[in-house]
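Notes for the one structure printed next.
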Amino acid sequence: MASTILPDGLQDSLLTLCTLVYPLPLPRGKKSGAAFAKAFSSVGTPEATTSIMEGIDKVRQEFVDDVSKLKVSPAAVSTAADRYAPQLHRIIQSIDASQDPVRLTQRMQFQWTSALNAQASPSEYKTQEVFIFEMAMVLASKALAQINQAANTIDPSADRYAEAATLLKSAGGVFLALAHDFLPRWKETPDNAAGRHPETSEGVAMALVDLVSAQAQAMYVAKGVFAQTVPPGTLAKLSVTVMDRFEKCISNFKARASAHLARVDPDFLRYMTFMPALYRALAYRFLAIAHWEKEDHGTAIGLLLQAEIMLKARRDGVSSGLSGIEESRFLSAFKPQLEILRRELRDNEEQGEFESVLRRNVQSLEDPDRMIRRRVLDSIRSVLLEDEKGSRPPLSHSPKKVVIHFEQQLQQPILKIVEYDPAEKCRERALDILHAVVLLAQPMEHSVLSTVTLAFLPLAQRRIDATPFAEGSEENRLRILQIVRALMRTQVGWSAILESKSALYPGLMAVLARELADSYPDIKCEVCYCIGLAAQFSQKELRLNQGRLLSPLLGNLGHQRSKVRQASLQALGELLSMGHDAMAHLLIENVLPQFEKLIFDRTSIIRGELLGLISSWLRQGVEPKNDEEGERSTFLSNQFHFEQCETELFFVLLMGLSDDDPDVKNMCRHTIDLVARDWLRRQVVKRAVHTNRTPLEDGEYISDLQSMEICPANAMIGKRFD
């Protein structure tokens with residue numbers, strides 16, 4: 001379920017969307033036609049007004065230069081406006097304070113383009129002699145520059161949202177002063193509205209106050225998302241406030257500046273309709289998280305569904321959702337972030353529904369009716385993994401989520417059913433779920449494998465390490481061993497077994513030894529596969545437990561099923577390849593009699609497997625390590641496990657020459673050749689070690705090498721019986 005702790009990709013997308021600030025252009029002014037020094041040079045001008053004229057023309061020219069550049073600097077425009085606007089205000093105040101009419105030597109003509117009128121050409125200047133027109137355009141330029149400054153300040157990777165909010169609040173204050181203190185003095189009527197710039201409209205100014213107020217409040221939402229510590233309920237309230245401000249902005253435009261609304265850039269209008277829809281969806285999202293944390297899952301899922309509906313693309317004029325994003329120059333650039341948010345809402349809705357169903361199902365696992373428990377287990381499998389038809393639910397596309405949910409909610413109830421449920425079918429389904437989750441966790445080496453291993457192996461020992469078996473179903477005993485093997489195939493599982501303080505390893509070996517005597521052939525094979533994994537991961541520990549495994553393995557070499565004989569032969573090879581304290585006695589008394597029967601097995605695959613095993617034993621320890629002075633001692637300490645019985649093993653190998661299968665016969669010939677060569681090379685090296693001479697200095701063994709090249713098998717047999 002969604003939370004206030006967000007992954008980086010989602011957090012960046014959410015921060016980018018909720019701090020969208022539309023980059024409004026700035027109006028442009030002209031220097032010509034407005035010279036204060038000339039206009040106020042008449043004798044009748046008050047002294048206070050005349051003194052203000054010194055330098056004001058220069059300040060205005062600097063301001064107009066900054067606002068009319070091809071590449072405008074919002075910070076420079078804001079600073080220039082701070083220098084010019086107070087002086088212009090003082091002129092207006094001095095004129096207002098004058099008791100006599102102020103007579104200008106020449107007309108003052110202020111020329112400006114509009115930033116908000118998209119229908120006018122960018123080079124279309126409107127000329128007015130009204131000082132309030134000049135003040136309105138200067139203040140609008142300052143406010144719009146601060147909005148662009150705020151947009152440039154925003155960075156999803158840095159917490160500069162308070163700085164951006166300060167700039168936006170300052171812009172809102174400028175628009176508010178413009179609407180309350182200046183524009184009411186220049187009345188707008190339906191007759192003159194069409195001839196005025198939108199920046200000089202009191203209704204537009206009030207609408208822009210609401211706009212920047214919403215944008216400033218959005219920065220605090222972003223700050224909370226960035227910190228990831230603000231309660232989701234608080235974020236929901238803040239989002240509702242932002243949504244209300246954006247909607248009030250649109251209402252003010254429609255009610256108080258309808259004449260200018262039609263002239264505003266359509267891209268800007270799309271932005272103003274997009275933002276309240278976005279924040280309504282975000283409010284639903286944050287509120288859903290708050291309800292989920294209160295265990296009100298149904299309400300949370302419903303809110304997530306509403307949020308998803310709000311953000312989906314609108315397909316017609318009446319359905320819910322967003323429209324105009326494709327056509328918007330500004331919004332279309334943020335389609336990837338919007339898609340990430342949509343996917344997150346969709347995933348959270350599915351996940352929330354899944355968790356809600358899962359919680360109800362877990363509670364129903366305690367039902368006394370076994371049919372209900374069985375249906376509940378089927379339902380858990382269908383929402384967690386796959387249904388009976390094999391179709392996979394959306395959550396199964398994320399194995400990590402499945403594993404996490406299993407660990408948090410299902411592990412203990414499932415293990416409890418496996419051990420205590422009296423219904424065989426219920427235990428069967430619980431084991432299937434557990435096995436599927438372990439297989440999902442294998443590639444990730446997820447930590448759940450450790451907790452499952454520590455809990456499941458003692459359970460397996462209690463269920464199948466006693467006669468009669470506590471688990472009476474052969475199929476369920478097989479499932480238990482399949483889960484054991486799946487756990488043994490991971491590093492996390494082996495670490496848990498070997499590092500456990502509760503002696504898991506001896507218990508595991510006891511289970512394997514007991515199940516080798518199970519009457520079910522598939523169980524015997526599964527145990528052999530487990531022995532192979534134990535030989536791969538824990539040779540030292542397995543060697544200490546050889547005794548309890550060898551006897552049942554040798555007995556299974558005569559089993560009627562060929563797959564059991566083959567698996568037992570492979571497991572026996574793994575065990576004896578690690579050596580044995582009484583290897584010669586074991587081979588002569590127990591192993592070789594079985595091999596002499598097995599070499600005539602009716603299945604050629606097993607005969608070939610036996611020849612390959614004997615070959616690997618006879619070729620063990622052939623190559624001594626090349627460590628200069630320590631080479632000979634290294635070789636001598638590497639005792640050849642099967643040396644005392646190599647003649648007997650070799651004669652079993654020779655029996656393969658009479659095999660009926662041509663492939664087995666050819667394999668036997670090739671194997672004998674390799675074994676003989678390795679044997680003679682070993683003899684040469686051993687003689688050289690004992691006589692402190694290199695093989696090439698020993699004349700007797702030079703002839704042996706030559707005979708080995710001619711017929712290695714004859715050389716091997718001759719030396720053994722000399």
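The values are calculated or read from the model by the stated rules, or taken from the named source; none is laboratory data. Since this is a predicted model, take the numbers as computed values, not measurements. Cβ coordinates were reconstructed from backbone atoms using ideal geometry, including for glycine residues, and neighbour counts include every protein chain displayed. Just the protein is used for accessible areas: all its heavy atoms, side chains included, with ligands, DNA and RNA removed. Shrake-Rupley method; radii C 1.70, N 1.55, O 1.52, S 1.80 Å.
Structural remarks
- In range of the label at residue 30: residues from the range 120-162 whose backbone nitrogen is under 20 Å from the point 7 Å along Cα→Cβ: 120-139, 141
- Simple label model, 7 Å out from Cα along Cβ direction - residue 372 to residue 584, nm: 7.0
- Overall form of the range 516-592 per C-alpha gyration tensor (a/c, 1.5; a/b vs b/c): oblate
- Exceeding the 19 Å Cα-Cα cut-off - candidates 312/335; 126/248; 597/665: 126/248
- Treating r as the C-beta distance of residue 129 and residue 327 and R0 as 60 Å, the FRET efficiency rounds to 0.90.
- Compared with the alpha-carbon gap, the fully stretched path from residue 162 to residue 398 is longer by 81.2 nm at 0.36 nm per residue.
- Simple spin-label estimate for residue 83 and residue 107 in nanometres, 7 Å along Cα-Cβ: 3.0
- The range 449-593: relative contact order as a whole-number percent, Cα under 8 Å and 6+ apart: 22
- Approximate spin-label separation residue 548-residue 447, in nm, with each point projected 7 Å along Cα-to-Cβ: 3.2
- The range 398-543 shape via C-alpha gyration tensor axes, a/c threshold 1.5: oblate
- If R0 is 41 Å, the Cβ-Cβ spacing of residue 359 and residue 228 corresponds to a FRET efficiency of close to 0.95.
- Nearest-0.05 FRET efficiency for residue 295 and residue 11, computed from C-beta distance (R0 22 Å): 0.30
- Average projected area [Cα convex hull, the range 125-235], square nanometres: 8.3
- Reduced Cα scattering model of the range 10-348, Debye log10 I(q)/I(0), q = 0.11, 0.12 Å⁻¹: -0.75, -0.86
- Per-peptide average of other Cβ atoms within 10 Å, ordering 119-128, 659-668, 277-286, 235-244 highest first: 277-286, 235-244, 659-668, 119-128
- Options 211, 152, 266, ranked by Cα towards positive dipole end of the range 10-348, top entry (Cβ charges): 266
- Gyration tensor verdict on the range 106-176 (Cα atoms; rounded if a/c is under 1.5, prolate if a/b is larger than b/c, oblate otherwise): prolate
- Each Lys and Arg contributes +1 and each Asp and Glu -1, all at the Cβ; summed about the Cα centre of the range 10-348, the dipole is approximately 420 debye.
- Accessible surface of the range 10-348 [probe 1.4 Å, protein heavy atoms]: carbon and sulfur percent: 52
- A 1.4 Å probe run over the range 10-348, with the rest of the protein chains in place, finds 44 Å² accessible per residue.
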